[in-house]
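Below: one structure, written as structure tokens.
The values are calculated or read from the model by the stated rules, or taken from the named source; none is laboratory data. The shown structure was predicted, so the numbers you read here are calculated from the model rather than taken from an experiment. Cβ: placed from backbone, ideal geometry, glycine included. Neighbour counts: every protein chain shown. Keep in mind that these areas ignore ligands, DNA and RNA; they rest on the heavy atoms of the full protein, side chains included. Shrake-Rupley method; radii C 1.70, N 1.55, O 1.52, S 1.80 Å.
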Amino acid sequence: MKGIKIFGALAIASLLFSANAFAQENNNRDENGKVVRGAYETNKAFDNTFIGIAGGVNSVIPSVKSTAKWGKIGLAADLNFGKWWTPAVGMRLGYHGLWDVSKLSIDGLQPGNRFGFHYVHGDFLWNISNSIGGYKETRFWNFVPYATMGVLDVCQGVNPFKKTSKNNIEYAAGAGLLNVLRLSNRVNLTIDLMALVGRGNAYTKAAGRFIVFPSATAGLQFNLGKTNFDRHSTITPVVIPVPFTTEQYNALKDKVAALEKENAALKDKIALLEKEVAPLRKLVNGQTYLYENGTFTAVDIKEGSPMSVYFDLGSSKLSAREKAHLEFFANNVVKGDTKLSVNGYADKQTGSSKYNQTLSEKRVKTVVDFLTKAGATESNIETAAHGSSVQLFDGAAKNRVVTIEVK
């Protein structure tokens, strides 16, 4: 039980110290407080490699119910060679062992005697500090969990090569926590906590199905070759200056949203206008047209015939086109002494006779006012309003007309 407490205390202390060191990192961020990450250039074979040596203690925990079976403390040594492929991912090969002491009999050994403990292994390393906090070459404490697998030899003698030593060789696997404390660019202090699991009955009949070998070592790690990683040259951290406050940003954001809404409304309006203008694109400049039920009909004005001015249904106002016709007529035909006859009409298909009479009178007045402003003498203009009693043309639209004739 005492051994369990020791190893547990070491693991918890390691977690607390590494977490505290990680929390104090404050210069691995950009101007916006964002952790700097990115692609890194591929390093050469010898770059970011390391060798490590360490010493410490082993123990053994057979998988039996009685905690009194926890072994005594044995001596441990580590020798490793590894490489970091990226700031977060690495591998290492190594030897771990020397001897151990158990309270169980190990294949003929009496309880309490030393037995050989030798583990040749490969480890997959994950630098969680660089993964979460971003790569930083000068970080003091790096927190590196790892998975381990290899060949374990438990033998009666401390020296496995003696003829009298009986070797029990099995595969084993486990997990560990490597703490790397930076002393300089080339030298690190390491604290390595590991728990290795093997097949219990391969080593002693007194153990259960599995047997666990915990260990704790401390030592030095020497960095070889290039000791840092360079960020890829095509990736540059983006720093976005913020020249205004949050309130100003939100105000600008609302303004942009309002402008986008207004722009969408204008697009809809343009589409409607395009639809309205489409029929007019087919009209020939200078030609006279009648408009009825959404359709324009060309009207031939023969030379010498009365000038005709057409109106919309129920209207006595001149359209822009008819104003242009009247203006052309006034400029080229009408003089101060020109005598004119102006007659107004309305179509009989709409409105009462009384209404159409009044409408034709208003149409006559509109034309006479226009001509007098253009230079005609009002006393030289004869007028008559016929309402819908006279229909000059076939079709309702053609009879919404005022005719002008030079006398």
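Computed quantities for the displayed model
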item: Among residues of the range 287-321, those that are out of contact with any strand residue (DSSP E or B) (no Cβ under 7 Å at 6 or more places or on another chain) and either among the β-branched types (Val, Ile, Thr) or modelled with pLDDT under 75 (or both), counted; result: 10
item: Residues within the range 123-132 that are assigned to a helix (DSSP H, G or I) and crowded, with 21+ Cβ neighbours inside 10 Å, tallied; result: 2
item: Selection count, the range 317-326, where residues are in contact with a helix residue (DSSP H, G or I) (Cβ under 8 Å, 6 or more places away or on another chain) and either open to solvent by 30 Å² or more (accessible area, probe 1.4 Å) or more than 16 Å from THR403 (Cβ to Cβ) (or both); result: 2
item: Residue pairs meeting the criteria (Cβ under 6 Å; at least 6 apart or on separate chains; first modelled with pLDDT of 85 or more, in the range 129-149; second hydroxyl-bearing (Ser, Thr, Tyr)); result: TRP141/SER18; ASN142/SER129; PHE143/SER18; PHE143/SER129
item: Condition met for THR372 (surrounded by fewer than 17 Cβ atoms within 10 Å (Cβ to Cβ) and closer than 15 Å to VAL401 by Cα); result: no
item: Evaluation of GLN110 against (1) modelled with pLDDT under 80; (2) buried (at least 20 other Cβ atoms within 10 Å of the Cβ) (one fails), failing number; result: (2)
item: Whichever residue in the range 355-369 is of a type in the set (D, E, K, R) and touching a residue at least 12 places away in the same chain (Cβ under 8 Å) and, among such residues, is surrounded by the most Cβ atoms within 10 Å (Cβ to Cβ); result: ARG363
item: So SER379, is it exposed (fewer than 14 other Cβ atoms within 10 Å of the Cβ) and either of a type in the set (Asp, Glu) or part of a helix (DSSP H, G or I) (or both); result: yes
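Every residue, every condition in (1) outside any strand (DSSP E or B); (2) open to solvent by 30 Å² or more (accessible area, probe 1.4 Å); (3) closer than 17 Å to ILE211 by Cα; (4) at pLDDT 85 or above, yes or no:
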{"position": "ASN80", "(1), (2), (3), (4)": "no, no, no, yes"}
{"position": "GLY94", "(1), (2), (3), (4)": "no, no, no, yes"}
{"position": "TRP99", "(1), (2), (3), (4)": "no, yes, yes, no"}
{"position": "LYS103", "(1), (2), (3), (4)": "yes, yes, yes, no"}
{"position": "HIS121", "(1), (2), (3), (4)": "no, no, no, yes"}
{"position": "VAL154", "(1), (2), (3), (4)": "no, no, yes, no"}
{"position": "VAL158", "(1), (2), (3), (4)": "yes, yes, no, no"}
{"position": "LYS163", "(1), (2), (3), (4)": "yes, yes, no, no"}
